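The values are calculated or read from the model by the stated rules, or taken from the named source; none is laboratory data. Given the structure is predicted, the values throughout are model-derived calculations rather than measurements. Please note: Cβ atoms are built from the backbone with ideal geometry, for glycine as well, and neighbour counts cover all protein chains shown.
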Amino acid sequence: MIKWESMSNTMTNTRSASTAFTSATSAAPQTATDGADFGATLRSLRLAKGVGLRQLARRIGISPTYLSQVERGDTAPPVEERVLAMAQELGGDPDELLALAGRIPTAVRAAMSRHPGEMTALIVAAGQLSQEGLSELIRAAESISKSAGGRH
């Protein structure tokens, strides 16, 4: 069972973190420090699917040279839309690729902007949960959202 009162305490302690997060997400896109993990994962997915570098580059609208540099970790991963296109083309997990690319999904930025303090508290508290606890939290949030028609 989730201890909701501890989330309230966490929310109180994370107001400044929320301000920093909101400032960071409204600035330049977030990128991984070196992109090497993203590039290696991308290359593994591409090779596993039997897709050529030039073929993938053409499908997602980037140059083969740039894609090669990304896979080697020589340059920052592309913008969110391109990462999502890569995931779709290669059958990869979009959330995992976005995280490896150091990108914060648009939907997450929007939720943070609507409720910065509460969302920061929720994320911090959720980060301390087990996988089972996270699943319970997600089910509870989905249930509340559904019963309130998304307005709760």
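Looking only at region 52-67, which residues are in contact with a Lys or Arg (Cβ under 8 Å, 6 or more places away or on another chain) and either in contact (Cβ under 8 Å) with a residue 24 or more places away in the chain or not assigned by TED's automatic domain parsing to the domain that holds G91 (or both)?
Within region 52-67, L56, I60, G61 qualify.
Which condition breaks for G149 when tested against (1) outside any helix (DSSP H, G or I); (2) at negative phi; (3) not hydroxyl-bearing (S, T, Y)?
(2)
Taking region 72-121 only, how many residues are more than 16 Å from A40 (Cβ to Cβ) and among the charged types (D, E, K, R)?
Here the count works out to 9.
Going by the conditions given, is D74 assigned by TED's automatic domain parsing to the domain that holds L53, more than 15 Å from the chain's Cα centre (by Cα) and among the acidic types (D, E)?
Values: assigned by TED's automatic domain parsing to the domain that holds L53: yes; more than 15 Å from the chain's Cα centre (by Cα): yes; among the acidic types (D, E): yes.
Yes, satisfied.
Please note which helices (runs of 4 or more DSSP H) are completely contained in region 19-135 and include at least 3 residues that are surrounded by 16 or more Cβ atoms within 10 Å (Cβ to Cβ) and either at pLDDT 95 or above or in contact with a helix residue (DSSP H, G or I) (Cβ under 6 Å, 6 or more places away or on another chain) (or both). Reasoning before the result, please.
Values: elements: 36-49, 53-60, 64-72, 80-90, 94-101, 106-114, 116-126.
Ranges flagged: 36-49, 53-60, 64-72, 80-90, 94-101, 116-126.
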